[in-house]
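Q: Quick one: the structure is below, and I'll ask about it shortly.
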Amino acid sequence: MAQNIRIPIKAWYGDEEASLHFPESWDVQNCQMMGHDTPALDDDQLREALNNPYGTATLRDMAQGKEHVVILFDDLTRPAPTHRILPMVLESLAEAGIKDDQIRFVGAFANHAAMSQEDFVKKLGKDVVRRFRIYNHNPYEHLVDLGETTRGTPILINREVMSCDLKIGIGGLIPHPGAGFGGGGKMVFPGVAGLEAVAVNHGRPRPAHMTDSPTGMLGKVEGNLLREDIEEAVRKVGLNMKIDLLINNRREVVGVFAGDFVTEHRAGVKRALQLYATPTPKECDIVVTNAYPIENQTGKSLWPTKLCLKEGGTAVIITQTIEGQALHYLTGRFGTDYGGKLWTATRGAIPNAGRIIVCSEYLSRTDLDKLGTDDRVVACETWEETLNHLKLTHANQAKVAVFPYAAIQCPEAE
């Protein structure tokens, strides 16, 4: 008999389920986050949360007398379903007398590739795409110079955003290896910042406390110099209201935090630490990380291998994304031995792994290169093929940890 674990796959492309089976003799732990299967909020609960902001007036009151409104939103590398809260946001603006032609949307995806109309519909809903003007952010042109932060980071911000007298951001609040958590001011910086500005902020050398841990600053907001620099820049921009969404393992909205982009963010982080916290068993022979729901940025799912895998063990990465890995103009590779400003030639995302198995129907040779050299990385299309490889090395005994949606999980606080 086999042990079976169900995992979610294909975020934004059907949100399906897959089954992983293991030999009965193996010691297999399903490492679910503490908030697994938290119930989704209904429309009334979403509206109530929006109408009780942290540190600001309500959106309806804030919008009174405004002329030009911009709503920022993130792309499909972020799993929150923005379309769930949008009807309440638009309802509040309409109650304040704001007409449709006073509103525009700007995709705040920083240095990623531009979004398509299909992407817009998935994120915002078909009705919104038909009703409103929606623009991709251009990190190369049409930027307003707002000076520098005290750390010397240039503040170059999207011209359309700066032309508006009411700036609203809607996005998710999930663990992030550099900024501790996403959400808050990150919607603006790097979201609608210029490439050169982000390169300075992201490329500045980090102090020891931000680099010594195997998981970096994942889940850590206080004392995070990267985030402090971001928030100083965003104060100069004038983000009037940020709306951050917490999601469960099915990408349903289970929490809404709205208001001042720092105050609401810190309140949201407290809840997020409870929701996403996950036990991390040690000295595992095999660690399986499912990249859902950020399958197009596999790197965000690798943290469990650095905490749980024994030296020389086997890391298994599951990434079932039709679109492949998202393009990034700062860190992406654009040729055999060159890339964006922050690209490095170092290969080996999981240095403690003896072998890395990538399980995906949608394999790309260039994406595999990011994980390690050819002698360490094995590509498999199915779980059956993956399991056969595992059995060759681990036979009848193995300690296994499975992280079913690793990209939104984070280790329990020490």
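Q: Sort through G152, G203, G172, G185 and tell me the only one that's in contact with a strand residue (DSSP E or B) (Cβ under 7 Å, 6 or more places away or on another chain), among the small types (G, A, S) and in the same structural domain as A110 (by TED's automatic domain parsing).
A: Going through G152, G203, G172, G185 in turn, just one is in contact with a strand residue (DSSP E or B) (Cβ under 7 Å, 6 or more places away or on another chain), among the small types (G, A, S) and in the same structural domain as A110 (by TED's automatic domain parsing): G172.
Q: Just one of the numbered conditions (1) out of contact with any strand residue (DSSP E or B) (no Cβ under 6 Å at 6 or more places or on another chain); (2) surrounded by fewer than 21 Cβ atoms within 10 Å (Cβ to Cβ); (3) closer than 20 Å to E252 by Cβ is not true of L124; which one?
A: Of everything listed in (1) out of contact with any strand residue (DSSP E or B) (no Cβ under 6 Å at 6 or more places or on another chain); (2) surrounded by fewer than 21 Cβ atoms within 10 Å (Cβ to Cβ); (3) closer than 20 Å to E252 by Cβ, L124 misses just condition (2).
Q: Could you figure out which of (1) more than 23 Å from V253 (Cα to Cα); (2) touching a helix residue (DSSP H, G or I) at 6+ places or on another chain (Cβ under 8 Å); (3) of a type in the set (S, T, Y) isn't true of S25?
A: Evaluating S25 over (1) more than 23 Å from V253 (Cα to Cα); (2) touching a helix residue (DSSP H, G or I) at 6+ places or on another chain (Cβ under 8 Å); (3) of a type in the set (S, T, Y) leaves (2) as the failure.
Q: Looking only at region 143-175, count every residue that is touching a helix residue (DSSP H, G or I) at 6+ places or on another chain (Cβ under 8 Å) and either part of a strand (DSSP E or B) or under 19 Å from P53 (Cα atoms) (or both) and tell me the total.
A: 16
Q: Quick one: in region 363-414, which of the residues that are of a type in the set (S, T, Y) and buried (at least 17 other Cβ atoms within 10 Å of the Cβ) is nearest to A277 (Cα to Cα)?
A: Once the filter is applied, the top-ranked residue is Y405.
Q: Sticking with this structure for a sec: Quick one: in region 325-339, which of the residues that are hydrophobic (A, V, I, L, M, F, W, C) and under 17 Å from the mean Cα position of the chain (by Cα) is farthest from Y362 (Cα to Cα)?
A: Residue satisfying both the conditions and the ranking: L330.
Q: In region 244-264, how many are part of a loop (DSSP other than H, G, I, E, B) and within 11 Å of I170 (Cα to Cα)?
A: Looking only at that region, the number is 1.
Q: (1) part of a loop (DSSP other than H, G, I, E, B); (2) within 27 Å of P207 (Cβ to Cβ); (3) under 24 Å from the mean Cα position of the chain (by Cα): which one isn't true of E196, the others all being true?
A: E196 satisfies every listed condition except (1).
Q: May I ask you to list the residues in region 277-317 that are small (G, A, S), part of a helix (DSSP H, G or I) and surrounded by 21 or more Cβ atoms within 10 Å (Cβ to Cβ)?
A: S301
Q: A345 versus (1) of a type in the set (G, A, S); (2) farther than 30 Å from A277 by Cβ; (3) modelled with pLDDT of 90 or more; (4) assigned to a loop (DSSP other than H, G, I, E, B): which is the lone unmet condition?
A: If we test A345 against (1) of a type in the set (G, A, S); (2) farther than 30 Å from A277 by Cβ; (3) modelled with pLDDT of 90 or more; (4) assigned to a loop (DSSP other than H, G, I, E, B), just (3) comes out false.
Q: Looking at T319, is it out of contact with any helix residue (DSSP H, G or I) (no Cβ under 9 Å at 6 or more places or on another chain) and either touching a residue at least 24 places away in the same chain (Cβ under 8 Å) or over 26 Å from E17 (Cα atoms) (or both)?
A: When the stated conditions are applied, T319 does not pass them.
Q: Go over the candidates P207, P214, P175, P154 one by one and state the one that is closer than 18 Å to R271 by Cα and of a type outside the set (S, T, N, Q).
A: From the options P207, P214, P175, P154, the qualifying one is P175.
Q: Another question, if that's okay. Being surrounded by 20 or more Cβ atoms within 10 Å (Cβ to Cβ) and touching a Phe, Trp or Tyr at 6+ places or on another chain (Cβ under 9 Å) narrows it down to one of V89, V106, so name that one.
A: From the options V89, V106, the qualifying one is V106.
Q: Taking the options R250, R206, R235, name whichever one is surrounded by fewer than 17 Cβ atoms within 10 Å (Cβ to Cβ) and within 17 Å of the chain's Cα centre (by Cα).
A: R250
Q: Please name all residue pairs, on different chains or six or more residues apart, with Cβ atoms under 6 Å, provided the first residue is in region 293-312 and is at pLDDT 95 or above and the second residue is surrounded by fewer than 24 Cβ atoms within 10 Å (Cβ to Cβ) and of a type in the set (K, R).
A: What qualifies is P293/R251; I294/K300.
Q: Can you give me the number of residues within region 187-196 that are buried (at least 24 other Cβ atoms within 10 Å of the Cβ) and either without any contact (Cβ under 8 Å) to a residue 60 or more places away in the chain or among the basic types (K, R) (or both)?
A: The total comes to 2.
Q: From the list A11, A18, A40, which residue is of a type in the set (A, V, I, L, M, F, W, C) and either in a helix (DSSP H, G or I) or more than 19 Å from T82 (Cβ to Cβ) (or both)?
A: Sole residue among the options that is of a type in the set (A, V, I, L, M, F, W, C) and either in a helix (DSSP H, G or I) or more than 19 Å from T82 (Cβ to Cβ) (or both): A18.
Q: Quick one: count up the residues across region 36-68 that are polar (S, T, N, Q) and either within 29 Å of C410 (Cβ to Cβ) or surrounded by fewer than 12 Cβ atoms within 10 Å (Cβ to Cβ) (or both).
A: Matching residues across region 36-68 total 4.
Q: Please go through region 60-93 and pick out each residue that is closer than 18 Å to R131 by Cα, among the aliphatic types (A, V, I, L, M) and either free of Cβ contacts under 8 Å to residues at least 12 places away in the same chain or in a helix (DSSP H, G or I) (or both).
A: L86, M88, V89, L90, L93
The values are calculated or read from the model by the stated rules, or taken from the named source; none is laboratory data. This is a predicted model, so every value here is computed, not measured. Positions of Cβ are backbone-derived with ideal geometry, glycine not excepted, and every protein chain shown enters the neighbour counts.
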